[in-house]
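Written out below as structure tokens is the structure these notes cover.
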Amino acid sequence: MATLAGVNRLHVAIFLPLLAACAGGKARLPAGVTVVRPQGPPPPPAAVAEAQRRLSAMQLYLGPPSGELTPAVRVALAQYQRTHGLEVTGLLDEETASSLGMGPLGQWEGRSVEARPEAPRPEGPTAAEILEMEAVPERPQPPPGALAEARASAARILASGTASAGTEVQATAALLPGPDEARTAAGEGEQVAALVDLYGAEQAADRAQATLASARREAFGLLLAARQAGGWALLPPQLIAALEEALRRRSLLLRGADGRLGADDVAAIRWVQRSLGLEPTGLPTLPLLERLGIDPGPMFAAP
């Protein structure tokens, strides 16, 4: 069983980073991306290869008919689904296969993934035609002072969340023994009571982190809504560039990184949100940025 001295060291390890986060008003960003895999059996490789050929005929997919459901194939499927009134999932499901003229997926079971020189082109616009039809609006950055009221409200939300988290930490930290008390208590065999205190401290740390995260989400959402209502760019330039780069690395953009969030960006964002188990709003929300490893700090900074 751990001694009280060990408990005290663990207490410091838990609370010092959290108190630093409270002081700065910024929670540590999670690293990496966890993808939620779709439920149900995957489509037969031969069906995927046939979908690749048909999407290639529409210039929505540029790779070989490998039979693998890669990110590039899924975004091509998402683009096709969006322009044909289907649910945008990026998956080769029965409805999408039927729309592509492939028939039931079951008929492709056991077939080999053979190469074919040509594939029939389903009705619908090509990737180039989609981009020509979709005019991306020019949304300027808000002028200085335009978001003053929204920034003030966001600052109050962050300050309240930080204060609440700090109070939670300090109240629990006061219950834990100091170094001298730990040595005395250890000699008296009070390790069990100390572990109970430590358990409460860990719970307080979790509550404080949740309070900080909730405040940041609310403040970010308020600023995002204010930008959207004003007809301005949804994110500062640094965040648009970082988001488009993250989407480009995943082969999810047709138009390329142009500093504007058009319909193809929205479709890509919605696809990523679905794959991560987030609400597929198509908006660059704080949970999305954090899951992609993008620091949202510029959103809170005054222009």
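Sort out for me the helices (runs of 4 or more DSSP H) sitting completely within segment 223-293 that have 3 or more residues that are modelled with pLDDT under 90.
Passing ranges, in order: 237-249, 263-275.
Considering (1) under 18 Å from residue 106 (Cα atoms); (2) assigned to a loop (DSSP other than H, G, I, E, B); (3) at pLDDT 75 or above, say which one residue 50 fails and leave the rest.
(2)
Inspect all residues belonging to segment 81-94 and state whether any of them is more than 28 Å from the chain's Cα centre (by Cα), among the aliphatic types (A, V, I, L, M) and surrounded by fewer than 18 Cβ atoms within 10 Å (Cβ to Cβ).
no
Checking residue 266 against (1) free of Cβ contacts under 8 Å to residues at least 24 places away in the same chain; (2) more than 13 Å from residue 139 (Cβ to Cβ); (3) under 14 Å from the mean Cα position of the chain (by Cα), which test does it fail?
All conditions pass for residue 266, except number (2).
Report, by residue number, each residue of segment 78-92 that is farther than 17 Å from residue 113 by Cβ and free of Cβ contacts under 8 Å to residues at least 60 places away in the same chain.
80, 81, 83, 84, 85, 86, 87, 91
Sort through 219, 210 and tell me the only one that's touching a helix residue (DSSP H, G or I) at 6+ places or on another chain (Cβ under 6 Å), more than 30 Å from residue 80 (Cβ to Cβ) and at pLDDT below 95. First the steps, then the outcome.
Details: 210 fails: touching a helix residue (DSSP H, G or I) at 6+ places or on another chain (Cβ under 6 Å).
Sole residue among the options that is touching a helix residue (DSSP H, G or I) at 6+ places or on another chain (Cβ under 6 Å), more than 30 Å from residue 80 (Cβ to Cβ) and at pLDDT below 95: 219.
Which numbered condition trips up residue 18, out of (1) among the hydrophobic types (A, V, I, L, M, F, W, C); (2) part of a loop (DSSP other than H, G, I, E, B); (3) modelled with pLDDT under 80?
Failed condition: (2).
Inspect segment 149-162 for any residue being modelled with pLDDT under 65, surrounded by 14 or more Cβ atoms within 10 Å (Cβ to Cβ) and under 30 Å from residue 300 (Cβ atoms) and give the result as yes or no.
no
Based on this model, can you work out whether residue 103 counts as farther than 30 Å from residue 281 by Cα and touching a Pro at 6+ places or on another chain (Cβ under 8 Å)? Show your work before the answer.
Working: farther than 30 Å from residue 281 by Cα: yes; touching a Pro at 6+ places or on another chain (Cβ under 8 Å): no.
Considered against the rule, which asks whether it is farther than 30 Å from residue 281 by Cα and touching a Pro at 6+ places or on another chain (Cβ under 8 Å), residue 103 comes out as no.
The values are calculated or read from the model by the stated rules, or taken from the named source; none is laboratory data. The structure presented is a predicted model; accordingly, all values stated were derived computationally and were not measured. Cβ: placed from backbone, ideal geometry, glycine included. Neighbour counts: every protein chain shown.
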